[in-house]
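What follows is one structure encoded as structure tokens, with my remarks underneath.
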Amino acid sequence: MEKRVDKDGLTRRALLGRAVAAGALAVMGAGFIAAPDAAWAMEVSVISPDEMATLLQMARDIYPHDQVADAFYAVAVKGYDSEASKDLVAAGVAELNAAAVAQGHADYLSIGWEEDRVKVLQAIEGGVFFQTIRAGLVTGLYNQKEVWPIFGYEGESFSKGGYIDRGFDDINWL
Amino acid sequence: MATFDLNDDSVVVIIGTGAGGGVLANELAQKGVKVVALEAGGRYLPEDYINDEWESFGQLAWLDARTTSGTWRVAKDFAGLPAWIVKAVGGTTTHWAGASIRFQDHEWKALTTYGTVEGANLLDWPIDAAEMAPWYEKAETKLGVTRTGDRAGLPGNNNYKVFEKGAKALGYKEVHTGRMAINSADYDGRMACQQTGFCFQGCKWGAKWSAAYTDIPAGEATGNLEVRDRAHVARILHNDAGKVSGVEYFDKDGNLQMQKARIVCVAGNSFESPRLLLNSASSMFPDGLANSSGMVGRNYMRHTTGSVYAIFDKPVRMWRGTTMAGIVQDEARHDPSRGFVGGYELETLSLGLPFMAAFLNPGGWGRSFTTALDHYENMAGMWIVGEDMPQLQNGVTLSEAKDQFGLPVANVHFDDHPNDIAMRNHAYKQGIAMYEAVGATRAFPTPPYPSTHNLGTNRMSERPEDGVVNRWGQSHDIANLFVSDGSQFTTGAAENPTLTIVALAIRQADHIASEMSRGNL
């Protein structure tokens, strides 16, 4: 396993860094990242697991909702594992890591506190990479119907007859 | 349903089928006038509408290219989307929230009432409240506006109850669930509101008035109206005498067609109508049709808008029920002691989670942003709509960019006037105070969305040198060319514009039909 990971350019330092970062991800093989509890796993075929792990952490840091599981963020960024996006991702992750280095860190994923990662993101937020990822998340994350109940949003209501008999005026604390 | 020959030069051609064009088409058809209505969008009815914000946006919104410039924030956050309006039969009446309020009397005479405002290009309308009163009444009856005639108001939803309590705590008196073109009881063959939400996505019950399923089919039933959907007008043609003679359009298969016309009425909204007049420039009219004043595309107004959302320590669930049935009118008065001329309305508003993420603070990120959304269930919201100043440089010009037919698209330029900014800041303060009076723990003065109230780019004027059309919406330059949408607004007033657009369309139909029968058109 170590060899396959090495082949993908993942260094021991990066692996350690990822483990420190959120404790959320484990490299399961050359093409996989997964949650430590095996609640979800994600296969990458074009970009590297390291790049995907970086995108995932970025997504969490841009739109942090502690009650929203990684799996939803993974859905939001999985589209970047594509031929069309690989150059953007490679250049962007390099830009992000360079910004991390400039602020005295080994790389982005190795930064333990969100607050410090946010400072790194702020250094690149005017760029195309950051803005592409951020804008994509607005729909990629918040337009997942499975995410809506976490925020209490009820979605479609016509098929249930609207709210005329289901609490459109049920506020009771005013 | 009628069909008319492309060479039939006895027809009135109407471009656009929204609140202006759709109503005008039906009103003329009811009077026996032959009408061909050309609509760039497709036909969608209640069974087609989707209770899903982004999916519905993809179905209904005008997404053809536009460009933007100016210092307004929309140009930065939504550079290709200056407006959130609809491309469909029925136009933006599918999307509108239904708020239907008359102009206040003084708002017809903005220049006289407010005096000269530096940097603003204010003008009095050539018509007034007394002249418009009977047409407003006809419009209210057509739309079934609540709290007019003998029609009851809508019940208040959760979002309204928070809003009302805050308003009353501040001492506001004119607070109610609005005058809405949403049925509070069965009316005109349409059912009552089921408090579904999703008013912006097209009412699946048909409880909200939309031309798509009222005036359009009613006009078609007369046998005098043919609606051609997915017909994108490229150019208005004229003859050697300088009268318009027909229009060229791309049909649904992308083929260029030419429909002859006795009269042409432009009702494509405040972006597409001036764009079309400008794109119709000829050797006789090198600056575009009806543009001897140079006012085509100028004086664009979008209302001074903005929203206030606030979080409470308990659930509100603002998305349940009618999207905009709630209004405070106390600030709509003209009272320069507040630091600005004109006034504004406060109206309840809610967005679903997906659109709240997109519009609460466009471009925003990090915990300041996400902790707001974390409490989405406990959020209440309102929208500000106030009179903005017409300014000469705000408006539509032809862009370098081209659309899918190779036609130059509209570039929309907008800079806030200092009066707009003073009004918006006042409204933010009042809105936040309303919510704080009910115990809000956090409030958000949310910037304007892409515009829905697009006004003024072919404005009405007494004198030909001040505007594009006369008191009937008839162009000063070309007798058989009319403007029939919100672009004819001389000033914007504080009120949501649809009722006034509809009233003007009913009145214009009456005028056109009588002038035709007199042989003047």
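The values are calculated or read from the model by the stated rules, or taken from the named source; none is laboratory data. Just so it is clear, the model here is predicted, and its values are computed rather than measured. FYI the Cβ positions are ideal-geometry reconstructions off the backbone, even for glycines, and counts take in every protein chain you see. With ligands, DNA and RNA removed, areas are computed over all heavy atoms of the protein, side chains included. Shrake-Rupley method; radii C 1.70, N 1.55, O 1.52, S 1.80 Å.
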Exercise for the section: Can you confirm whether the range B:332-344 contains a residue that is touching a helix residue (DSSP H, G or I) at 6+ places or on another chain (Cβ under 8 Å), within 11 Å of chain A (Cβ to nearest Cβ), surrounded by fewer than 24 Cβ atoms within 10 Å (Cβ to Cβ) and in a loop (DSSP other than H, G, I, E, B)? Expected result: no
Practice task
Would you point out the residue of the range A:132-158, among those that are assigned to a helix (DSSP H, G or I) and within 8 Å of another protein chain (Cβ to nearest Cβ), that is farthest from B:Val316 (Cα to Cα)?
Solution key: A:Arg134
Problem - Failed item in (1) without any contact (Cβ under 8 Å) to a residue 12 or more places away in the chain; (2) open to solvent by less than 20 Å² (accessible area, probe 1.4 Å); (3) of a type in the set (Val, Ile, Thr), with A:Val101 passing the rest - result: (2)
Handout entry: Residue list for the range A:71-99, filter: in contact with a Leu (Cβ under 7 Å, 6 or more places away or on another chain) and not aliphatic (A, V, I, L, M)
Key = A:Phe72, A:Tyr73, A:Tyr80
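Residues B:Val264, B:Val233: which one is open to solvent by less than 10 Å² (accessible area, probe 1.4 Å) and either out of contact with any Lys or Arg (no Cβ under 6 Å at 6 or more places or on another chain) or not in a strand (DSSP E or B) (or both)?
B:Val264
Only residues that are at the interface with chain A (Cβ under 10 Å from one of its Cβ atoms) and outside any loop (DSSP other than H, G, I, E, B): list them for the range B:161-207, please.
From the range B:161-207, those at the interface with chain A (Cβ under 10 Å from one of its Cβ atoms) are B:161-162, B:164-166, B:192-198, B:201, B:203-205, B:207; that's our starting set.
Passing the criteria: B:Lys161, B:Val162, B:Glu164, B:Lys165, B:Gly166, B:Gln201.
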Handout entry: Wholly within the range B:375-464, strands (runs of 3 or more DSSP E) carrying at least 2 residues that are touching a Pro at 6+ places or on another chain (Cβ under 6 Å)
Key = B:395-402
Completion exercise
Result of the Cβ filter at 8 Å on the range B:348-362, keeping first residues that are free of Cβ contacts under 8 Å to residues at least 60 places away in the same chain and at the interface with chain A (Cβ under 7 Å from one of its Cβ atoms) and partners that are open to solvent by 10 Å² or more (accessible area, probe 1.4 Å) and among the aliphatic types (A, V, I, L, M), at least 6 apart or interchain, is B:Ala357/A:Val138; B:Ala358/A:Val138
Practice task
Would you check if there is a residue in the range B:84-100 being surrounded by fewer than 24 Cβ atoms within 10 Å (Cβ to Cβ), small (Gly, Ala, Ser), touching a Leu at 6+ places or on another chain (Cβ under 9 Å) and on the phi > 0 side of the Ramachandran plot?
Solution key: no
Practice task
Being closer than 19 Å to A:Val46 by Cβ and either more than 14 Å from every other protein chain (Cβ to nearest Cβ) or of a type in the set (S, T, N, Q) (or both) is the filter here, so list the residues in the range A:65-82 that pass it.
Solution key: A:Ala74, A:Val75, A:Val77, A:Lys78, A:Gly79, A:Tyr80, A:Asp81, A:Ser82
Practice task
Considering each residue of the range B:277-291, count those that are closer than 21 Å to B:Asn394 by Cα, open to solvent by 10 Å² or more (accessible area, probe 1.4 Å) and either touching a residue at least 40 places away in the same chain (Cβ under 8 Å) or among the basic types (Lys, Arg) (or both), and give that number.
Solution key: 3
Handout entry: Top-ranked residue of the range A:48-64 - restricted to ones that are among the hydroxyl-bearing types (Ser, Thr, Tyr) and open to solvent by less than 10 Å² (accessible area, probe 1.4 Å), ranked as nearest to the other protein chains (Cβ to nearest Cβ)
Key = A:Tyr63
